Amino acid sequence: MTSIADPTSPQSLVIAFRELPPEILTEIARHADLLILPAGQPLFTAGQPYRKALFVLHTGQLESHHPDQPVMLLQPGTVLGVNNYFESTPYISTVTALGDAQVYAIPEVALRELEQRHPVLLEALNRLLAERLRSRATQPVTGVWALPARTVMKAPLAICSPTTTVRQAFTIMNRRRIGSLGVVDDQQQLLGLITFVTLAEGMISKNVQPNDCVIGTVCGAAHSISFDAPMWKVQGEQARLGAKYLVVTEDRKPLGIISQTDVLYALMAYQRSVIAQIGDATHFSELRVFFERLGRIAHELRENNRSAGMAVRALSEVHLAIQRRCIDLVLAAIQQEGKGGPPVPYAFLIMGSGGRKEMIIRTDQDNGIILADGPLTEAPETRRWFMEFCDHVNHRLDEIGYEWCTGDIMARNPDFHKTLNEWQQQISNITELPNEKRARWSTIFFDFETLYGDDSLTVALRSHLFEELRRKPRLLRSMVEDDATGGPALGLFNRLVPASDGERKGKIDLKRNGTRILADTARIYALSEGISATNTGDRLSALVHQGRLDNAFVDSILAAYDELLDLTLAHQLRQASQGQVLDKLIDPEELTPLEGESLRMAMRVIKRLQSRIQGEFGTLML
């Protein structure tokens with residue numbers, strides 16, 4: 001193996017670090033050595049200590065062997081050793097040259113120094129880390145994910161010629177109510193794609209005129225995918241490229257187009273069927289049957305959703321459908337008893353994981369109620385009606401399978417049964433004088449969403465919350481301090497460290513040491529920015545749109561969150577199949593080397609995020 005100190009063709013670096021400007025790529029190339037690998041020569045082997053460098057395949061092909069994954073062929077531009085760079089851990093796979101290959105070796109010390117001077121490099125490394133985490137998921141080959149792209153695409157793709165004017169393209173898209181227009185040559189080969197975004201960018205940024213031709217002005221690059229590519233690959237490419245549209249092609253000729261929405265609709269088909277059946281239930285015993293089926297439903301959703309986050313969200317919608325139908329039946333029973341309907345408007349709230357739409361297979365009750373303000377609400381008979389209603393709902397939910405909250409966070413409890421004005425006053429008091437207890441209460445309640453009833457009451461309460469936090473942000477610091485009471489399960493050298501006490505001894509608590517920290521951090525950031533979303537993924541995405549967090553960092557967080565949710569879901573499905581009590585405690589000794597490495601990488605991302613929020617909110621005035 002020899003070294004060339006002055007690499008002259010950084011094209012592979014351009015592919016590897018596509019978001020970096022040329023001047024930073026030049027600096028990276030200046031520090032890199034070009035390693036020559038003869039055929040059969042390993043770059044590194046499983047168990048070998050970290051070589052204190054990041055590698056980028058420049059020319060040739062490499063083959064990656066890992067005991068838990070199929071053999072992978074690596075192409076130029078592939079980055080190797082990303083997790084080792086972040087964690088300084090030994091390699092868990094063997095990478096060998098198929099033929100003569102050239103690989104850039106970028107020393108760790110040089111990358112660390114460049115990171116300090118160029119934050120955008122850290123963003124690129126975060127993006128690579130997210131891709132590594134996501135690549136570890138086994139690609140499903142059943143259900144919707146096995147369908148070829150041609151079965152989901154919208155066909156045919158509307159097209160125009162390169163000489164079509166900008167005005168004509170806009171008219172076609174507007175008249176046909178389509179969001180994209182392909183540009184093809186005389187042989188019907190795809191040249192590019194026009195969208196309303198590329199039209200706007202051309203008119204505003206490039207001073208394009210209405211009579212200019214579309215080619216070279218408002219025609220953007222077209223991301224394409226083969227007509228026979230399975231849906232898991234379609235979704236993966238959309239995520240990797242950040243592309244809303246993929247053009248489906250055969251021999252470079254466009255057949256149709258797939259948007260992110262098309263993928264979502266395809267995945268929702270099963271979920272809609274189950275929810276429709278729940279809506280037809282006529283008795284609480286039928287809802288109990290659906291509750292008992294949640295394990296099987298969770299298994300099917302996991303098989304039919306490439307992302308664990310999507311599977312958990314879909315499962316949550318099933319949970320919510322059961323609970324909403326329960327309230328339907330309670331209201332019908334009260335009517336049949338001759339006690340009438342609700343005397344005043346109300347919003348029945350769901351909180352915690354239910355409010356975030358992050359429920360797994362089993363979950364207890366976290367709910368409350370907002371009553372509309374007014375003289376009628378204060379009447380004793382109104383209060384009695386709603387207390388009886390909430391008591392019935394809580395008992396029926398328990399009967400179905402949703403156990404009573406151990407902290408009594410339920411609508412039958414007067415502490416969670418208030419008028420809008422009473423709720424607003426309580427939030428004002430909490431933000432005025434925050435403490436540890438109030439911060440802990442906020443982590444559950446502040447994920448509130450309307451489960452049933454008048455959503456305008458929920459919106460009004462959330463608006464009041466944002467206004468109070470804007471004027472009195474000290475509660476956010478208390479919430480950060482509460483979040484800091486738990487940390488990721490990492491020790492020296494970023495090794496996984498199980499708990500040493502009680503029922504958690506020898507186990508890693510995926511909630512306490514993982515998902516809870518991510519959900520808490522996303523909540524605090526979202527509240528500080530006035531973001532109304534409650535789902536953790538939605539909150540993080542909104543923080544990118546607001547400019548509070550950069551996209552690559554959030555992508556690595558979302559990948560870590562997805563890994564933790566997948567481990568939790570898989571763990572509970574195994575427990576359910578064996579008739580065990582479901583928990584979120586996982587034995588690291590039972591993990592495969594790949595799962596262990598993925599969990600460690602996810603915990604490192606959590607550690608970085610927790611450190612960041614503690615640094616930012618530590619500057620808030622008490």
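The values are calculated or read from the model by the stated rules, or taken from the named source; none is laboratory data. All figures in this text were calculated on a predicted structure; none of them were measured in a lab. Heads up, the Cβs are rebuilt from the backbone with ideal geometry, glycines too, and the neighbour counts pull from every protein chain shown. Just so you know, the surface numbers come from the protein's heavy atoms only, side chains and all, with ligands and any DNA or RNA stripped out. Shrake-Rupley method; radii C 1.70, N 1.55, O 1.52, S 1.80 Å.
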| query | Whose amide H sits under 5 Å from the amide H of residue 405, counting only residues 5 or more places off or on another chain, with H placed in the peptide plane? | reply | 365
| request: With unit charges on the beta carbon (Lys/Arg positive, Asp/Glu negative), name the residue among 11, 25, 214 whose Cα is farthest towards the positive pole of the charge dipole of the chain. | output: 214
| query | Looking only at the stretch 85-127, which residues have a backbone nitrogen under 11 Å from a spot 7 Å from the Cα of residue 45 in the C-beta direction? | reply | 94-95
| note | Rounded to the nearest 10 Å², the accessible area of residue 150 using a 1.4 Å probe with every protein chain kept is 130 Å²
| said: Counting heavy atoms of the protein chains only and a 1.4 Å probe, report the per residue accessible area for the chain as a whole number of Å². | reply: 44 Å²
| query | Relative to the longest principal axis of the chain, what angle (0 to 90°, nearest 10) does the C-alpha long axis of helix 196-205 take? | reply | 70 degrees
| query | In degrees between 0 and 90, to the nearest 10, how far off the longest principal axis of the chain does helix 308-336 point, with axes built from Cα atoms? | reply | 20 degrees
| request: Kindly list the residues of the stretch 576-617 that lie in the label zone of residue 115, defined by a backbone N under 15 Å from the point 7 Å along the Cα-to-C-beta vector. | output: 601-602, 604-612
| task | Taking 7 Å along the Cα-to-C-beta vector as the label spot, tell me the residue 33-residue 589 distance in nanometres, rounded to one decimal. | result | 4.1 nm
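Of the chain, which part is the longest with no GluC sites (Glu not before Pro) in a loop (DSSP not H, G, I, E, B) and with at most 12 other C-beta atoms within 10 angstrom?
Counting only loop sites that pass the neighbour cut-off, the longest clear stretch is 20-336.
Over the stretch 398-482, what is the mean sequence separation of C-alpha contacts under 8 Å (at least six apart), divided by residue count, expressed as relative contact order in percent? Don't jump to the answer; show the numbers that get you there.
Details: 46 pairs, mean separation 33.0, N = 85.
39 percent.
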| query | How far is the Cα center of the stretch 280-301 from the Cα center of the stretch 76-109, in Å? | reply | 47 Å
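So what's the back-of-envelope 222 nm ellipticity for the chain, counting only DSSP H runs of four-plus at -39500 (n - 2.57) apiece and dividing by all residues, rounded to 500?
After summing the helix terms and dividing by residue count, I get -15500 deg cm²/dmol.
With a 1.4 Å probe and all protein chains in place, put 326, 219 in order of accessible area, largest first.
The ordering from most to least exposed comes out as 219, 326.
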| said: Charges on Cβ only, +1 for Lys and Arg, -1 for Asp and Glu, centred on the Cα centroid of the chain; of 261, 178, 400, which one is farthest towards the dipole's positive end? | reply: 178
| Mean separation of Cα pairs under 8 Å and 6+ residues apart, divided by the residue count of the stretch 327-423: what relative contact order is that in percent? | 33 percent
| remark: For the chain, averaging the sequence separation of alpha carbon pairs under 8 Å that lie six or more residues apart and dividing by its residue count, the contact order in percent is 11 percent
| field | For residue 582, solvent-accessible area (1.4 Å; no DNA, RNA or ligand), Å² | value | 40 Å²
| message | Please give the Cα centre distance for the stretch 323-351 versus the stretch 401-471, rounded to the nearest Å. | response | 21 Å
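Largest first, how would 581, 459, 234 line up by accessible area (1.4 Å probe)?
Values: 581 120, 459 75, 234 0 Å².
Solvent-accessible surface, decreasing: 581, 459, 234.
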| task | May I ask which of 154/357; 418/511; 154/206; 233/584; 154/233; 154/253 have a Cα-Cα span longer than 19 Å here? | result | 154/357; 418/511; 154/206; 233/584
| Between the helical axis of 516-529 and the dominant principal axis of the chain, each derived from Cα atoms, what acute angle in degrees is found, rounded to the nearest 10? | 80 degrees
| said: Tell me the accessible surface of residue 253 in square angstrom (1.4 angstrom probe, heavy atoms of protein chains only), to the nearest ten. | reply: 100 Å²
| said: If you restrict to DSSP beta bridges whose two residues both lie in the stretch 316-465, what percentage is antiparallel, to the nearest 5? | reply: 75 percent
| message | Give me the dipole magnitude in Debye, nearest 20, for the chain about the Cα centre, with unit charges on the beta carbon: positive for Lys and Arg, negative for Asp and Glu. | response | 580 debye
| note | Of the accessible area of the chain, computed with a 1.4 Å probe and all protein chains kept, carbon and sulfur make up a percent value of 52 percent
| said: Suppose R0 equals 22 Å. What FRET efficiency, 1/(1 + (r/R0)^6) with r the Cβ-Cβ distance, do residue 612 and residue 26 give to the nearest 0.05? | reply: 0.15
| query | Once Lys and Arg get +1 and Asp and Glu get -1 on their Cβ, which of 528, 89, 320 lies farthest toward the positive end of the dipole of the chain? | reply | 528
